[in-house]
Amino acid sequence: MSTSFLTIAEASERIAAGTLTSEQLTRDCLDRIAALNETLHAFVLVREDEAMAAARAADAEIAAGRRIGPLHGIPMGIKDIVETAGVRTTGQSALFLDRVPERSAHLWERLEAAGAILIGKTTTWEFAIGGTAHDLPFPPARNPWDPSRETGGSSSGSAAAVAAGLCSGAIGTDTGGSVRVPAAWCGIAGLKPTYGLVGRSGVYPLSHTLDHPGPMCWSSEDCALMMEVLAGDDPRDASTRAAPALPFTRRVTEGVAGLRIGVWDAMTDHIQTDPEVADAMSRGIDALREAGAEVRSVTLPPLKEIDAVCNLISRSESFAYHRVNLEEQPEKYGFESRARLLAGSIIGAAEYIEAQRVRTLIISAFEDAFEDFDLIVCEMTGSVAPPHGDATTYTRLGSRAGNVTGLPAHSVCTGFDAQGLPMAMQIIGPAFADAVLLAAGHVVEQACGARQTRALSRPRKELA
Amino acid sequence: MARDAATHSGAQRDAYINHRLALLGLAADEASLSRIRAVADDLEFSFARVRRALPFGVEPCAGATTGLARGERVK
């Protein structure tokens with residue numbers, strides 16, 4: 001099997017031990033990109049020469065005893081709304097088709113300083129809002145478990161790339177579920193961190209009070225390795241000023257014994273969850289219980305209310321950001337994203353403020369719940385990945401509570417359905433309990449996440 | 001005014017959308033308008049839902065613009 005299927009933890013350990021080079025790992029990832037990107041469209045830009053040069057430089061540093069840490073020499077994909085100095089960052093839009101930033105986003109500066117290698121920029125919905133669309137400069141990403149299926153979005157390419165072994169880890173952004181939904185449908189782990197834990201400067205905004213960048217990896221343990229580097233103060237993002245140092249890599253393998261976990265039947269009043277997805281979530285909950293957690297049910301505000309608040313705030317804030325370009329260059333936007341953004345213009349200030357007030361009530365309800373619970377688990381999506389282009393199923397999501405409250409939320413794989421498509425559950429925690437979420441995710445993955453099964457593990461010629 | 005749009009259906013709501021876009025100097029062709037109206041249907045539902053959730057006389061406003069829940073609890 002290609003080394004590109006190693007987790008970050010496994011690859012890092014081998015690199016540190018001298019049994020694997022960054023050059024070999026990066027070469028294997030590039031070979032898989034060459035073989036599969038034509039089908040999956042996970043990357044809009046691949047930096048073959050630059051990545052190989054960076055890998056060789058990393059190997060030289062490591063050989064000289066100057067290994068920076070676990071991410072040194074690890075190839076990563078970065079969502080194409082995250083600015084990377086000297087590397088085109090399009091937002092998947094004709095509007096920014098030739099945009100080459102002079103400075104990197106703070107989060108990439110952190111990863112790069114930790115020795116990570118930028119192997120390419122990953123596909124996204126246009127400015128993270130436009131849905132699966134075919135009128136953009138680049139085609140939409142396809143699901144590696146079944147290319148006739150949706151990846152979920154908007155961090156579609158990041159999820160597809162990690163799931164297919166095209167890179168070791170990736171960055172996504174999440175405004176209403178855009179890290180967690182594609183993570184769920186592509187069978188990987190995705191963390192939406194606590195608001196203010198990961199800096200957003202240099203990330204194209206969608207909705208200022210709902211946007212959260214986060215790691216997308218094969219395992220919760222890998223998310224912890226990335227968060228160890230990503231979390232912390234960003235001088236250009238005031239929301240990060242209170243970010244505490246959290247023990248991600250230590251905590252992730254320490255289990256859930258003694259934790260009080262609330263099961264939130266989030267979709268009961270909303271829309272039904274498919275039986276196989278619900279059964280898989282039950283197995284995940286059983287795994288947490290067997291690992292020593294105390295599990296009880298919890299009641300929280302209706303999902304419909306949370307979705308309504310998220311809808312009004314995100315439409316208002318995204319319209320505000322794009323308004324000038326919508327006026328001056330509307331033809332540069334794709335049809336769907338233009339319509340979604342323009343619809344934000346009908347929301348008045350009073351409605352936006354009312355939504356923010358209800359948001360505060362929702363935050364209070366979650367804070368009250370976390371007086372009695374350490375974690376809450378609920379559905380991530382109501383189904384497995386729907387057929388490509390079928391956006392209606394996107395209504396069956398349990399993701400928006402994390403964005404509205406700013407609380408950390410983690411999507412973790414619970415196994416595969418009868419068709420071989422990945423399923424997932426969601427873990428939510430109190431502010432800055434991100435490391436505890438990842439520990440719970442690790443327990444679920446070990447018990448039922450089928451982490452030995454990989455998408456497209458056969459050579460491409462065998463797929464037909 | 002936007003609430004008027006939310007509580008009136010059909011032609012009145014569409015007229016409001018056209019008026020609002022014109023006021024902002026925003027252009028939209030007929031196909032886009034049709035799609036905007038569909039998204040507006042969804043927003044209309046959201047307006048109503050938020051109104052029902054907000055008890056009159058309560059003033060939950062502190063911290064409402066950050067989305068950041070307070071507290072720090074790490075086990």
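Any read-out appearing in this document is the output of simple, stated calculations on the displayed coordinates, not a laboratory observation. Everything quoted here is computed from the prediction, not taken from an experiment. Because the Cβ atoms are built from the backbone with ideal geometry, glycine has one as well, and the counts that use them run over all protein chains shown.
Quick look at the values:
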{"read-out": "Span-rule helices in chain A, defined as complete DSSP H runs reaching 30 Å or more along the axis (Cα) with Kyte mean at least -0.5", "value": "A:303-328, A:349-372"}
{"read-out": "In order through the range A:174-179: 3J(HN,Hα) via Karplus (6.51 cos²θ - 1.76 cosθ + 1.60), integer Hz, x for Gly, Pro", "value": "9, 10, x, x, 6, 8"}
{"read-out": "Count of Lys pairs (Cα-Cα under 27 Å; at least 8 positions apart or interchain) in the range A:3-462", "value": "7"}
{"read-out": "Computed magnitude of the charge dipole of the protein assembly as shown (debye, nearest 20; Cβ of K, R +1, Cβ of D, E -1)", "value": "260 debye"}
{"read-out": "Extension reserve of the A:GLU38-A:ASP98 stretch, reckoned as 0.36 nm per residue once the Cα distance is removed", "value": "19.4 nm"}
{"read-out": "For the range A:408-423, Karplus couplings with θ = phi - 60° (6.51, -1.76, 1.60), whole Hz, Gly/Pro x", "value": "x, 9, 10, 9, 10, 6, 10, x, 10, 7, 4, 8, x, 8, x, 10"}
{"read-out": "Relative compactness, the range A:3-462, computed as alpha-carbon Rg over 2.2 N^0.38 Å", "value": "0.90"}
{"read-out": "The range A:355-406 shape via C-alpha gyration tensor axes, a/c threshold 1.5", "value": "oblate"}
{"read-out": "FRET efficiency, 1/(1 + (r/R0)^6) with R0 35 Å, evaluated for A:ALA242 and A:GLU331 via beta carbons", "value": "0.25"}
{"read-out": "Gained length - A:ALA320 relative to A:ARG260, 0.36 nm times residue gap less alpha-carbon distance", "value": "17.5 nm"}
{"read-out": "Long-range tail of P(r) for the range A:1-119 (Cα pairs > 27 Å, %)", "value": "17 percent"}
{"read-out": "Residue among A:ALA94, A:ALA224, A:GLY196 farthest towards the positive dipole end of the protein assembly as shown, charges placed on Cβ", "value": "A:GLY196"}
{"read-out": "Computed [θ] at 222 nm, helices only, for chain A once each DSSP H run of length n ≥ 4 contributes -39500 (n - 2.57)", "value": "-12000 deg cm²/dmol"}
{"read-out": "Shape category assigned to the range A:221-305 from the gyration tensor of Cα positions, a/c cut at 1.5", "value": "oblate"}
{"read-out": "Principal axis dimensions, the range A:333-464 - Cα atoms, whole angstrom, descending", "value": "57, 45, 21"}
